[in-house]
2 protein chains.
Amino acid sequence: MLKTVDSYIDAHRDRYLEELKAFLRIPSISTAPEHKEDIARAAAYTAESLKKAGMENVEIIATEGHPLVYADWLHAPGKPTVLCYGHYDVQPPDPLDEWVSGPFDPTERDGNLYARGAADDKGQFYTHVKAVETLLAVNGSLPLNVKFLIEGEEEVGGESITAYVPENRDKLHADVALVSDTAMYAEGYPSLCTGLRGLIYAEIEAIGPSRDLHSGLYGGAAPNAVYALIELLAKAKNEDGIIQIPGIYDDVEPPTPAEKRSWESLPFSEEEFLAKEVGSTALTGEPGHNVLERVWARPTFEVHGIAGGFTAAGAKTVIPARATAKVSLRLVPKQDAEKVRAAFKKFVKENTPKGVRTTVRITASSPAVSVNPDHPAIRTAAKAFGEVFDRETAYISSGGSVPIVGDFDRHLGIPTVMMGLGLPDDGLHSPNEKFSLNNYYTGIKTVARFFQEYGASAS
Amino acid sequence: MLKTVDSYIDAHRDRYLEELKAFLRIPSISTAPEHKEDIARAAAYTAESLKKAGMENVEIIATEGHPLVYADWLHAPGKPTVLCYGHYDVQPPDPLDEWVSGPFDPTERDGNLYARGAADDKGQFYTHVKAVETLLAVNGSLPLNVKFLIEGEEEVGGESITAYVPENRDKLHADVALVSDTAMYAEGYPSLCTGLRGLIYAEIEAIGPSRDLHSGLYGGAAPNAVYALIELLAKAKNEDGIIQIPGIYDDVEPPTPAEKRSWESLPFSEEEFLAKEVGSTALTGEPGHNVLERVWARPTFEVHGIAGGFTAAGAKTVIPARATAKVSLRLVPKQDAEKVRAAFKKFVKENTPKGVRTTVRITASSPAVSVNPDHPAIRTAAKAFGEVFDRETAYISSGGSVPIVGDFDRHLGIPTVMMGLGLPDDGLHSPNEKFSLNNYYTGIKTVARFFQEYGASAS
């Protein structure tokens, strides 16, 4: 039967790919107000895909932000229920001129599909949809109960789903969640993610003089909003990359010995990571922690963008009145998001240079999450994943955030199978984002097998 | 005769104002390539105004950049020659939404004329043109020889005039230059500027990873170009505003006792300067130097603009690959521009954080200038200025740069009468730039009187 399922997937590769491409053509950029209509189209496309797959009770749920899409298939009494999550929204594509093919013109090259959202997350959660479609087509029924909850605000803080989950505990009741929104450790290395960093995202604004001033006439005596922001931000980390916000490391714990062992067993080349992924002259970060620890198990402070003063071509000698920066803190397990938020705000207040006023606006906040690798669904998923990819599944962490995993844990009391089907060089949030075509097809097979084995094991 | 001249000016106020307004309507922004045609129109308007005033040999001189405008009137043998300088180019008007009336729609309000370039420098050098026009209309001749050299690149480094002056020493031969491109010390306080700071303007680019990276997946190990630039720039000054670039203060000398006395005699209120001009919560700058010293006699380091990473509305969690900043160093007399440039480049190189490459592009460089207050032309100008404004003329300095004054000194061997007719709150380089209408008319009278008295005294 596994073979029939795999054959069906192989036989329908082209259609499965074309349907994903049509999805990727919709520029559903959640942060850009001018793409509101595209967001609606992407939600409708998601609902339509679920209906065509055979899912029932398909619903587009209006929210104060972007709509949620729900669907279920509940005809396997006595069997467990899997809640599949994904997001149909994508990051902005800029800088546009660095894309080889258009971000919303999905293009195959070298075994990959290039498009914004190919891996993050349209291509990945579409494997769940296609696994359901395949199982229903081949068997006429599913081996367990399945619910889908897909959102359109993952890239902008996910406010609507964060409100929806605790208000719909019964509707969303399940034994485990399935999320494909992370990456495999490496190509051909099936891996389940059992730890995710949290995220606090903030915007800082600095206001100095009441207007831009001539730097000749006032330079030496008037505060400069850009320089004040630079001075402030420079104090957030020392030269070794150690965060200087007081109390920030109070609750940070080292990885467990089991985690350490597991991570050390993974193939990792710092030279390759530097050359192929980062592409700079050197890596940075805290001494005494290896790279995997730094990106999986250490908090970070990053400046994502800064703007202020005259930045067009040419020269203008102003003392800028105003400057803004977007920053984030990544959190690790045991760190309390509220405590970190407060510490950060206090830090900004205390380190704002004289003559300048600063304001901080927190736009997103979610704690880190860890999942118990001994849960039956996790063990079954690991087994299925390993069988399809023909290598033992590794347990890894991710430095990124999937805030919903924390919500499922807190409000539904369920763990999440984080079955990452992306690859580390997929270029999420960068130009030329891609998704491996092999991982797409093999991902569909893996999800189908997980459903079958989890349904069979837990009868 | 002075009375006749003044009466003529009074009788032609409206026309003199309308002709200035027409000039100000031309958006001759020298830094913006899309305004190239407006630059040509402003040069033509300048030439036309000189012709109508009665100047001869009017010439629009093509350069590799924006054209120069030359004119002369040389029919006073045995009398001194004054070389009048000005610039018809203006700063960009942004931020546009802060202008009460359009930057290129000159508008009278409360005795001022509001427009980009009203004070810097169209309105100011137009007083020279109108003084010549008046004297020729009233007397049929000028009391001395006059040359005009007007440029269109003052706001972008003035490369063309810098090349033109040393190549045209004979043509430009004169006894003194007249430049109205600075401000009076205060409204009603006639003042001649005898010191100007120099300027080194530079663009710094920082390159980190080869592309923008996802801060979740790489944060903690990958260099951040924006943060590296922040770290670098933050090292350029300490918390007291003292520049940390090694050697920068080596040749800096304190003001002379005469300068100190003169400056201390000027009315100055730190509270008013803070509240009315700067408009921030506190002043900044080096301890141990009063405000006038800080802006007139101390070098500065300023960041004029910074850009990098994601700065649009919303949130994007990138580690930026690239960041740029525009910075300047203001120089004071005795500082060697070449030595400072080298020290700055060395500082950037030595303080670039690891994992990041930086490049520095110097886009302008001019030393500070000081003028001998005992030169006959300076003394005569001070006398005329004081008579028209009915208060003794003070000798002041300016923190700004008028690079041409250094060129006239070096290549023509002549001092410059820096007869500032602007006011300190004119908002040069800011939104709502203005020029006092009274200073416009009284300025024309002052220039006419200077020409007459200098012509008479130096026969």
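The values are calculated or read from the model by the stated rules, or taken from the named source; none is laboratory data. All values derive from a computational prediction rather than experimental measurement. Because the Cβ atoms are built from the backbone with ideal geometry, glycine has one as well, and the counts that use them run over all protein chains shown.
Only one entry in A:Glu64, A:Glu37, A:Glu48 is closer than 16 Å to A:Glu151 by Cα, in contact (Cβ under 8 Å) with a residue 40 or more places away in the chain and surrounded by fewer than 17 Cβ atoms within 10 Å (Cβ to Cβ), namely A:Glu64. Among the residues making up the stretch B:393-429, those that are closer than 28 Å to B:Asp6 by Cα and either free of Cβ contacts under 8 Å to residues at least 24 places away in the same chain or within 14 Å of chain A (Cβ to nearest Cβ) (or both) are B:Ile396, B:Met418, B:Gly420, B:Gly422, B:Leu423, B:Pro424, B:Asp425, B:Asp426.
Restricted to the stretch B:153-270, the set of strands (runs of 3 or more DSSP E) holding at least 2 residues that are modelled with pLDDT of 95 or more and under 30 Å from B:Val129 (Cβ atoms) comprises B:176-179.
For the stretch B:305-364, the set of residues classified as closer than 21 Å to B:Pro223 by Cα, assigned to a helix (DSSP H, G or I) and among the aliphatic types (A, V, I, L, M) consists of B:Val348 only. Determine whether the stretch A:7-20 contains at least one residue that is in contact (Cβ under 8 Å) with a residue 12 or more places away in the chain, more than 13 Å from A:Lys130 (Cβ to Cβ) and surrounded by fewer than 17 Cβ atoms within 10 Å (Cβ to Cβ). No; the residues of the stretch A:7-20 include none that is in contact (Cβ under 8 Å) with a residue 12 or more places away in the chain, more than 13 Å from A:Lys130 (Cβ to Cβ) and surrounded by fewer than 17 Cβ atoms within 10 Å (Cβ to Cβ). Taking the residues in the stretch A:132-144 that are in a helix (DSSP H, G or I) and touching a Gly at 6+ places or on another chain (Cβ under 8 Å) as candidates, determine which candidate is nearest to A:Gly420 (Cα to Cα). In this case the residue turns out to be A:Val132.
The set of residues in the stretch A:89-111 that are assigned to a loop (DSSP other than H, G, I, E, B), surrounded by 13 or more Cβ atoms within 10 Å (Cβ to Cβ) and within 14 Å of chain B (Cβ to nearest Cβ) comprises A:Asp89, A:Gln91, A:Pro92, A:Pro93, A:Asp94, A:Pro95, A:Trp99, A:Pro103. Annotation: of all residues in the stretch B:373-417 being at pLDDT below 90, under 20 Å from the mean Cα position of the chain (by Cα) and in a loop (DSSP other than H, G, I, E, B), the one that is farthest from B:Phe301 (Cα to Cα) is B:Val402.
For the stretch A:112-128, which positions are part of a helix (DSSP H, G or I) and not aromatic (Phe, Trp, Tyr)? Listed by number, the residues that qualify are A:Lys122, A:Gly123, A:Gln124, A:Thr127, A:His128.
Yes/no matrix, rows are residues, columns are (1) hydrophobic (A, V, I, L, M, F, W, C); (2) crowded, with 24+ Cβ neighbours inside 10 Å; (3) more than 8 Å from chain A (Cβ to nearest Cβ):
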| site | (1), (2), (3) |
| --- | --- |
| B:Ala186 | yes, no, yes |
| B:Gly208 | no, yes, no |
| B:Asp212 | no, yes, no |
| B:Ala236 | yes, no, yes |
| B:Glu239 | no, no, no |
| B:Ile242 | yes, no, yes |
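Pick from the stretch A:47-62 the residues that are in contact with a strand residue (DSSP E or B) (Cβ under 8 Å, 6 or more places away or on another chain) and either modelled with pLDDT under 95 or assigned to a loop (DSSP other than H, G, I, E, B) (or both): which of them is nearest to A:Glu133 (Cα to Cα)? The extreme case among them is A:Gly54. Can you name the residue in the stretch B:288-305 that is within 8 Å of chain A (Cβ to nearest Cβ) and among the hydrophobic types (A, V, I, L, M, F, W, C) and, of all such residues, is nearest to A:Lys316 (Cα to Cα)? Among those residues, the one meeting the criterion is B:Val303. Looking at A:Ala337, A:Ala313, A:Ala343, just one residue is surrounded by fewer than 24 Cβ atoms within 10 Å (Cβ to Cβ), under 23 Å from the mean Cα position of the chain (by Cα) and of a type in the set (A, V, I, L, M, F, W, C), and that residue is A:Ala337. Listed conditions (1) within 13 Å of chain A (Cβ to nearest Cβ); (2) in contact with a helix residue (DSSP H, G or I) (Cβ under 9 Å, 6 or more places away or on another chain); (3) not aliphatic (A, V, I, L, M) are all met by B:Asp250, apart from (1). For the subset of the stretch A:277-287 comprising residues that are farther than 20 Å from A:His429 by Cα and touching a residue at least 24 places away in the same chain (Cβ under 8 Å), which member is farthest from the other protein chains (Cβ to nearest Cβ)? Only one residue tops the list, namely A:Pro287. Exactly one residue out of B:Thr256, B:Thr194 is over 30 Å from A:Asp425 (Cβ atoms), away from chain A (no Cβ under 12 Å), under 23 Å from the mean Cα position of the chain (by Cα) and among the β-branched types (Val, Ile, Thr), and it is B:Thr194. Of all residues in the stretch B:431-446, one or more are surrounded by fewer than 23 Cβ atoms within 10 Å (Cβ to Cβ), touching a residue at least 24 places away in the same chain (Cβ under 8 Å), within 14 Å of chain A (Cβ to nearest Cβ) and not acidic (Asp, Glu).
The residue that is farthest from the other protein chains (Cβ to nearest Cβ), counting only those in the stretch B:317-334 that are of a type outside the set (A, V, I, L, M) and in contact with a Gly (Cβ under 7 Å, 6 or more places away or on another chain), is B:Pro333. Among the residues of the stretch A:266-276, none qualifies, meaning not one is more than 7 Å from chain B (Cβ to nearest Cβ), crowded, with 19+ Cβ neighbours inside 10 Å and more than 22 Å from B:Arg211 (Cα to Cα). Of all residues in the stretch B:158-184 being of a type outside the set (Asp, Glu) and within 12 Å of another protein chain (Cβ to nearest Cβ), which is farthest from B:Thr256 (Cα to Cα)? Restricting to residues being of a type outside the set (Asp, Glu) and within 12 Å of another protein chain (Cβ to nearest Cβ), the top hit is B:Gly158. Against the test of being assigned to a loop (DSSP other than H, G, I, E, B) and in contact with a helix residue (DSSP H, G or I) (Cβ under 8 Å, 6 or more places away or on another chain), the options A:Gly86, A:Gly65 yield a single qualifying residue, A:Gly65. Using the structure shown, decide if B:Lys354 is facing chain A (nearest Cβ under 9 Å), within 30 Å of A:Ser430 (Cα to Cα) and in contact with a Leu (Cβ under 9 Å, 6 or more places away or on another chain). Answer is yes for this residue. Among the residues of the stretch B:214-227, those identified as out of contact with any helix residue (DSSP H, G or I) (no Cβ under 6 Å at 6 or more places or on another chain) and either of a type in the set (S, T, N, Q) or at the interface with another protein chain (Cβ under 7 Å from one of its Cβ atoms) (or both) are B:His214, B:Ser215, B:Gly216, B:Leu217, B:Tyr218, B:Gly219, B:Pro223, B:Asn224, B:Val226, B:Tyr227. Put simply, of A:Ala76, A:Ala44 the only residue that is among the aliphatic types (A, V, I, L, M) and either part of a loop (DSSP other than H, G, I, E, B) or under 20 Å from the mean Cα position of the chain (by Cα) (or both) is A:Ala76.
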